[in-house]
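Take a look at the structure below.
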Amino acid sequence: MAIERTLSIIKPDAVKKNVIGQILSRFEGAGLQIVAARMTQLSRAEAEGFYAVHAARPFFKDLVDFMISGPVFVSVLEGEGAILKNRDLMGATDPKKADKGTIRADFADSIDANAVHGSDAAETAAVEIAYYFPALNVYSR
Ligand code: UDP
């Protein structure tokens, strides 16, 4: 499998629960490397731009309100099959449906406050990484 990069966001609910480290440990434990990272408070415009693909969905306003409700931890994960590996670690969007032992099963409260974001495909990963990290701020080893 190819070495990939994917964008991860630890959402405001998980940051408030003080579990950034526990979530990052899961990424590293699964063989993913954190090659860029930054804690940030998203502006409304940034959150709307990031989730533009969902702009017509009924949950869009609540999603944006939630994403700007506190700081988030944004990182780029690199490794073999990183995109799917991260999605597997995250679990299903709705934590009630997420497999046992996944990040969302263990740390998320609801489909709205679901602890993490992860890119869902190579194309979206490239766009999402560029949205938060200029290329020069990514540190591969
Ligand atoms: N979302 C929501 N209500 C829904 C579906 C999605 O609040 O009914 C939110 C949820 O936080 C999710 C995000 O919108 O993580 C993006 O949805 P997507 O279907 O892309 O899920 P993901 O890729 O995050 O699992």
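The values are calculated or read from the model by the stated rules, or taken from the named source; none is laboratory data. Computed from a predicted structure; not experimentally measured. All Cβ positions, even for glycine, are placed from backbone atoms using ideal geometry, and neighbour counts span all protein chains on display. These accessible areas exclude ligands, DNA and RNA; they are computed on the full protein's heavy atoms, side chains included. Shrake-Rupley method; radii C 1.70, N 1.55, O 1.52, S 1.80 Å.
Worth pointing out:
- Test item: Cα-centred dipole of the chain, Lys/Arg +1 and Asp/Glu -1 on Cβ, debye: 240
- Residue order for HIS117, HIS54 - accessible surface, 1.4 angstrom probe, largest first: HIS54, HIS117
- Less than 5 angstrom separates the built amide H of ALA92 from those of ALA98, ASP99, all sequence-distant by 5 or more or on a different chain.
- Per residue, the convex hull spanned by the alpha carbons of the chain comes to 105 Å³.
- Difference of contour (0.36 nm per residue) and Cα-Cα distance, VAL127 to MET1: 43.2 nm
- For the stretch 16-22, putting each phi into the Karplus relation 6.51 cos²θ - 1.76 cosθ + 1.60 with θ = phi - 60° gives couplings of 4, 6, 6, 10, 4, x, 4 Hz, in residue order, rounded to whole numbers and with x for Gly and Pro.
- Under the Karplus curve 6.51 cos²θ - 1.76 cosθ + 1.60, θ = phi - 60°, whole-Hz ³J(HN,Hα) for the stretch 34-50, x wherever Gly or Pro sits: 8, 9, 7, 7, 6, 9, 8, 9, 6, 7, 4, 4, 5, 5, 5, x, 5
- Across the stretch 86-94, rounded Karplus estimates of 3J(HN,Hα) from the backbone phi angles (6.51 cos²θ - 1.76 cosθ + 1.60, θ = phi - 60°) give 5, 4, 5, 5, 5, x, 4, 3, 8 Hz, Gly and Pro being marked x.
- Model label sites at SER43 and LYS16, defined 7 Å from Cα along the beta-carbon direction, differ in position by 2.4 nm.
- Residues LYS97, LYS11, LYS17, ordered by accessible area of protein heavy atoms at a 1.4 angstrom probe radius and largest first, appear as LYS97, LYS17, LYS11.
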